[in-house]
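Each value in this text was obtained by applying a stated rule to the coordinates, not by laboratory testing. Since this is a predicted model, take the numbers as computed values, not measurements. Neighbour counts run over all protein chains shown; Cβ positions are idealised from the backbone, glycine included.
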Amino acid sequence: MNPTQFISTTLVRTLTLLACTAAVANLGAASPVQGGTQICDVCNVCIDYPQGVLSFADQVLRYDPLAGGGPGPTAPNFIDPLRALGAPDYSSCGGGSSSTGAVSLGNGGLIELAFTNNLLTNGNPVQSNPSYSNLDLWIYEAGGVTEPMDVFVHPLSTTLPLLNPALDPDGDGYYFVGRVSGQPVGVDLDAVFPGFAPGSLLFDAVRIVDVLNGGSSSTVGADIDAVGAISSATPTVIQPYCFGVGCPCGNDDANAGCRNSTGAGGRLLATGTNSLASDDLVLTVQGLPARTFGFLFMGQAAAHAPFADGLRCVSPGPNQTPAGTGMFRFPIRATAGTGAFVEGPGIAAFAQAASGTTGTLLPGTTWHFQAHYRNPAGPCGSESNLTNAVAVTFQ
Ligand SMILES: [Ca+2]
Ligand SMILES: [Ca+2]
Ligand SMILES: [Ca+2]
Ligand SMILES: [Ca+2]
């Protein structure tokens with residue numbers, strides 16, 4: 001078999017058919033950080049942040065005070081979106097247009113803020129003030145009027161296939177988590193996305209939209225001082241995900257892929273780095289049966305669907321024409337007596353040589369890797385299975 005050809009037509013067709021299958025299960029988790037720092041706002045509301053000031057939003061992606069038709073704010077102290085970054089620093093408890101530290105969204109306006117040195121995740125954080133426990137995201141709205149807001153969160157690619165698509169009806173990647181009001185106000189992500197282990201859902205941005213109410217003051221719209229992730233995870237450029245929970249015939253293994261005939265699941269481990277210049281990423285497949293065959297494959301998006309004796313965790317990604325051409329596979333490898341095989345270093349060079357421009361790994365892109373292998377004696381009778389997956393953001 002030609003090792004450079006695209007993943008087999010049969011597999012792609014089957015994968016496409018399975019792509020719409022709903023599945024909800026725990027993802028391999030980044031652990032939320034415990035312990036922490038208490039941070040108080042000017043009204044002396046104090047909340048414990050396990051990662052301290054790192055927990056707050058870091059970058060303005062978009063600020064559009066006219067998104068809902070306006071009017072927008074005119075008070076000079078309330079038109080700078082950078083005021084929404086970092087820890088809360090609004091200058092007065094209540095106060096008026098002479099106060100500083102917040103940005104007004106405008107009537108129906110919006111702001112999108114990214115977390116870059118941390119990520120928002122789900123969890124059950126315990127707070128010194130127990131009425132704040134379990135809340136994952138805090139929004140510090142400020143000023144003399146408490147204005148309602150619609151809140152959305154933006155999942156990482158590995159979290160995306162786990163979420164209910166009904167919460168993102170326009171498909172722009174932002175998921176609605178609630179209409180809230182308070183100074184500050186917390187959001188419990190687990191109430192919106194139930195059934196996931198703490199730390200298993202990862203989000204890198206928040207969108208806050210002012211609820212249209214016809215206001216027209218110089219600080220019209222919700223006034224954002226800060227946005228903090230209490231449930232905060234450390235970003236990683238190499239992210240294992242899609243472990244064996246919710247497997248096709250109860251063959252779960254939460255530390256690997258779905259259980260195979262060895263009694264445990266096959267694992268995909270990444271070592272080396274995400275540097276394309278070094279091209280030193282090494283993907284090791286282990287925990288497979290001895291003397292069988294398998295291959296690594298990659299795609300531009302994550303998935304989460306039953307497939308064979310396991311879970312398919314990789315998909316071609318959007319806008320691939322024809323469908324399936326965003327999936328590429330590496331050479332078929334034998335596991336010999338060890339139940340293992342290794343791909344790399346040289347993964348980037350191989351992908352470019354084998355797959356041309358559509359399969360070339362480019363800086364800033366995230367690719368999702370997983371291994372598929374033969375297992376005729378496997379527990380579900382399909383004769384094949386898959387490992388967990390690994391997402392790598394290359395640079
Ligand atoms: Ca941060
Ligand atoms: Ca929570
Ligand atoms: Ca306000
Ligand atoms: Ca601020």
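Between the beta carbons of Ser91 and Asn117, assuming R0 = 22 Å, the FRET efficiency works out to 0.30 to the nearest 0.05. On average over all directions, what projected area in square nanometres does the chain have, based on the convex hull of its Cα atoms? Convex hull of Cα atoms, orientation-averaged projection: 20.0 nm².
For the chain, what is the calculated [θ] at 222 nm in deg cm²/dmol (nearest 500), taking -39500 (n - 2.57) for each run of four or more DSSP H residues and dividing by its residue count? Walk me through the numbers on the way to the answer.
Values: 3 runs with 23 residues, N = 395.
Helix contribution divided over all residues of the chain: -1500 deg cm²/dmol.
Stretching the chain fully between Ala277 and Asp80 yields a gain of 67.1 nm (0.36 nm per residue, less the alpha carbon separation). Computed on the Cα trace of the range 243-366, the radius of gyration divided by the Kirkwood hydrodynamic radius gives Rg/Rh = 0.97. Look at where the Cα atoms of the range 238-309 and of the range 158-221 average out, and the two centres are 31 Å apart. In terms of surrounding Cβ atoms within a 10 Å radius of their Cβ, Leu296, Leu54 rank from fewest to most as Leu54, Leu296.
For the range 106-183, what percent of Cα pairs sit more than 21 Å apart? Looking at the range 106-183, the distances longer than 21 Å represent 40 percent of pairs.
For Ala349 and Gln38, compute 0.36 nm times the residue count separating them, minus their Cα-Cα distance, and round to one decimal in nm.
107.2 nm
Other residues within the sphere of radius under 10 Å centred on the Cβ of Asn251, judged by their own Cβ, net out at -2 (K and R +1, D and E -1).
What number, in percent, do you get for the relative contact order of the chain if the mean sequence gap of Cα pairs under 8 Å and at least 6 apart is divided by its residue count? It would help to have the intermediate numbers written out before the result.
Numbers: 1149 pairs, mean separation 75.1, N = 395.
About 19 percent, as a whole number.
Students often get this wrong: which residues of the range 188-203 have the backbone nitrogen under 13 Å from the point 7 angstrom along Cα-to-C-beta of Asn124? Residues 190-191, 195-199 fall inside that zone.
From largest to smallest, the equivalent ellipsoid semi-axes obtained for the range 37-233 from the alpha-carbon gyration tensor read 25, 20, 13 Å. Among Arg312, Arg259, sorting on how many other beta-carbon atoms sit within 10 Å of each Cβ, with the fewest leading, yields Arg259, Arg312. Based on the Cβ-Cβ distance from Ser216 to Leu362, what FRET efficiency comes out when R0 is 51 Å, to the nearest 0.05? Calculated transfer efficiency: 0.65. Applying 1/(1 + (r/R0)^6) with R0 = 35 Å to the Cβ-Cβ distance of Asp58 and Ala264, what FRET efficiency is obtained, to the nearest 0.05? My answer for the efficiency is 0.35.
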